[in-house]
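Taking it in order: structure first as structure tokens, then the write-up.
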Amino acid sequence: MITEEQIIDVLQHYEDPELGVDVWTLGLIYRIELDDEYVKIVLTFTSPMCPYGPQMVDELTQKIKEKGVEKVEIEVTFEPAWKPSEELRDMLGV
């Protein structure tokens, strides 16, 4: 069975294609649910019009399945809207 720590490791090694920062550090992951053979992730994008959104969902699904998970569901939400933390804003130079 996969652990939450293993899922987080996958997320920490997957960079947002636009910003070049991993999705975990960006704070795009809102929730992780898992059981024996099922993982559900609720995430958001930096913008509702993110051109890489479908690609990100597909690639993250594949990376998690490579860890032996049979069923992966990734739910995209924009509630609440993503806002970078002050630390992240400094890191991005915004």
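The values are calculated or read from the model by the stated rules, or taken from the named source; none is laboratory data. This one's a predicted model, so the numbers in the text were calculated from it and none came from an experiment. Quick reminder, even Gly has a Cβ in these numbers, built from the backbone with ideal geometry, and neighbours come from all protein chains shown.
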Restricted to the range 52-94 and to residues being part of a loop (DSSP other than H, G, I, E, B) and small (G, A, S), the residue nearest to D9 (Cα to Cα) is G68
Checking the condition at pLDDT below 95 and under 24 Å from Q6 (Cβ atoms), which residue from V69, V57 passes? V69
For the range 35-55, what are the residues that are surrounded by 15 or more Cβ atoms within 10 Å (Cβ to Cβ) and free of Cβ contacts under 8 Å to residues at least 24 places away in the same chain? G53
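If you scan the range 65-94, which residues turn out to be among the β-branched types (V, I, T) and surrounded by 10 or more Cβ atoms within 10 Å (Cβ to Cβ)? Steps first, please.
In the first step, residues of the range 65-94 are kept if they are among the β-branched types (V, I, T); the result is 69, 72, 74, 76-77, 94.
Within the range 65-94, V69, V72, I74, V76, T77 qualify.
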Which residues, counting only those in the range 11-23, are under 9 Å from the mean Cα position of the chain (by Cα) and in contact (Cβ under 8 Å) with a residue 40 or more places away in the chain? L11, Y14, D16
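Can you find even one residue in the range 24-34 that is surrounded by 13 or more Cβ atoms within 10 Å (Cβ to Cβ), over 22 Å from E87 (Cβ atoms) and either touching a Leu at 6+ places or on another chain (Cβ under 8 Å) or touching a residue at least 60 places away in the same chain (Cβ under 8 Å) (or both)?
no
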Taking the criterion of being surrounded by fewer than 16 Cβ atoms within 10 Å (Cβ to Cβ), more than 24 Å from E18 (Cβ to Cβ) and touching a strand residue (DSSP E or B) at 6+ places or on another chain (Cβ under 9 Å), would at least one residue in the range 56-64 satisfy it? no
Quick one: M49 ticks every box in (1) under 15 Å from the mean Cα position of the chain (by Cα); (2) part of a loop (DSSP other than H, G, I, E, B); (3) within 16 Å of P17 (Cα to Cα) bar one, so which box is it? (1)
For the range 10-23, name all the residues that are out of contact with any strand residue (DSSP E or B) (no Cβ under 6 Å at 6 or more places or on another chain), surrounded by 14 or more Cβ atoms within 10 Å (Cβ to Cβ) and of a type in the set (D, E). D16
